[in-house]
Amino acid sequence: AKKTFQAIRIEVNRELEVLENAMSKAVELLKVDGRLAIITFHSLEDRMVKHFMKKQSKGEDIPKGLPLREDQIQRNLKLKVIGKAIQPSEAEIQANPRSRSAVLRVAERI
């Protein structure tokens with residue numbers, strides 16, 4: 001019943017649309033060297049955040065083989081701020097069982 005209720009809640013509240021809009025606006029509002037930190041609580045959100053940050057860090061879709069220098073590619077985010085995504089430790093999960101599904105991803109505005 002948990003997954004069914006979660007799916008209904010996500011759809012009714014349009015949570016994935018809101019997340020997509022919030023991430024785009026956040027990148028626009030961040031100053032250079034500002035950090036965007038997002039905590040997700042289920043795999044749909046995490047996948048969206050992961051792909052968004054990856055796309056923003058690679059820059060525009062440019063066909064391969066074009067003679068461009070790195071400084072000519074428009075990038076918005078740098079991913080290697082903290083390494084991989086951070087998940088709760090066993091001690092945190094013991095103290096707060098609802099944290100077991102949390103994932104923190106951080107990117108820096110460039």
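Observations
- Label separation (LYS55 vs ASN21): 1.7 nm, computed from points 7 Å beyond Cα along the C-beta direction.
- Dividing the convex hull volume of the alpha-carbon atoms in the chain by its residue count gives 134 Å³ per residue.
- Toward the positive end of the charge dipole of the chain, with +1 on the Cβ of Lys and Arg and -1 on the Cβ of Asp and Glu, the farthest Cα among PRO97, VAL32, GLN56 is that of PRO97.
- Number of Lys-Lys pairs in the chain with C-alpha atoms under 17 Å apart and a separation of 8 or more places or on different chains: 19.
- Degrees, to the nearest 10: 15-29 long Cα axis against longest axis of the chain: 40
- SER101-LYS78 FRET efficiency (beta carbon distance; Förster radius 25 Å; 0.05 resolution): 0.40
- Per atom type, the chain shows carbon and sulfur on 54% of its accessible surface, probed at 1.4 Å.
- Dipole magnitude for the chain: about 200 debye, using +1 per Lys or Arg Cβ and -1 per Asp or Glu Cβ, origin at the Cα centre.
- Accessible surface calculations at 1.4 Å, restricted to protein heavy atoms, place the chain at 77 Å² per residue.
- Sparse packing (at most 14 other Cβ atoms within 10 Å of the Cβ) combined with a DSSP loop state is found for the following trypsin sites (Lys or Arg not before Pro) in segment 78-110: LYS80, LYS84.
The values are calculated or read from the model by the stated rules, or taken from the named source; none is laboratory data. Quick caveat, the model's predicted, so the values are computed rather than measured. Ideal geometry is used to build each Cβ from the backbone, glycine not excepted, and the neighbour counts take in all protein chains shown. Heavy atoms of the whole protein, side chains included, go into the accessibility calculation; ligands, DNA and RNA do not. Shrake-Rupley method; radii C 1.70, N 1.55, O 1.52, S 1.80 Å.
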